[in-house]
Amino acid sequence: MKRKFIAVGFAALALLVPLAVTSSDAWVRRLGYLRWKRLHRLAYAAAALGVAHFLWRVKADHRKPAIFAVIVAVPLALRALARARRAMIRRTG
């Protein structure tokens with residue numbers, strides 16, 4: 001694998017294809033909401049792979065990929081914290 005950024009970019013694209021296909025209300029009904037939601041969590045992996053692709057693609061100035069990394073990381077971190085908080089509240093009561 002001489003150019004890893006191509007493989008990572010293609011993997012991100014491949015993860016986005018099922019999301020595009022199943023984005024309609026009809027697919028939500030067909031899959032059921034929980035399975036549909038689980039499938040659409042692939043968007044997080046696709047976003048991370050997209051940032052990795054961008055970082056590896058850029059040769060000199062990594063400022064723009066770093067900005068994109070922050071744009072992806074901050075909302076994901078906030079979602080993870082909110083989920084952990086809800087789990088803690090459920091456990092305590």
Across the chain, how many lysine pairs, 8 or more apart or on two chains, come within less than 28 Å at their alpha-carbon atoms? 4
Value of relative contact order over the chain, rounded to a whole percent, pairs C-alpha under 8 Å and six or more apart: 32
For the stretch 62-69, Karplus-derived ³J(HN,Hα) couplings (6.51, -1.76, 1.60; θ = phi - 60°; whole Hz; x for glycine and proline) come out as 8, 5, 4, x, 5, 5, 5, 4
Label selected from [x] 60, 24, 21; [y] 50, 34, 21; [z] 41, 35, 19, the criterion being Cα extents along the principal axes in Å as computed here: [y]
Dividing the Cα convex hull volume of the stretch 48-90 by residue count, how many Å³ per residue is that? 51
HN-Hα J couplings of the stretch 78-86 from phi, Karplus 6.51/-1.76/1.60, θ = phi - 60°, integer Hz, Gly and Pro as x? 4, 5, 5, 5, 5, 5, 5, 5, 5
Whole-Hz ³J(HN,Hα) for each residue in the stretch 11-19, computed from phi via Karplus 6.51 cos²θ - 1.76 cosθ + 1.60 with θ = phi - 60°, x for glycine and proline: what do you get? 4, 4, 4, 4, 6, 7, 4, x, 5
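Each reported figure results from applying straightforward, stated rules to the coordinates on display, with no laboratory input. Bear in mind the structure is a predicted one, so any value in this text is a computation, not a measurement.
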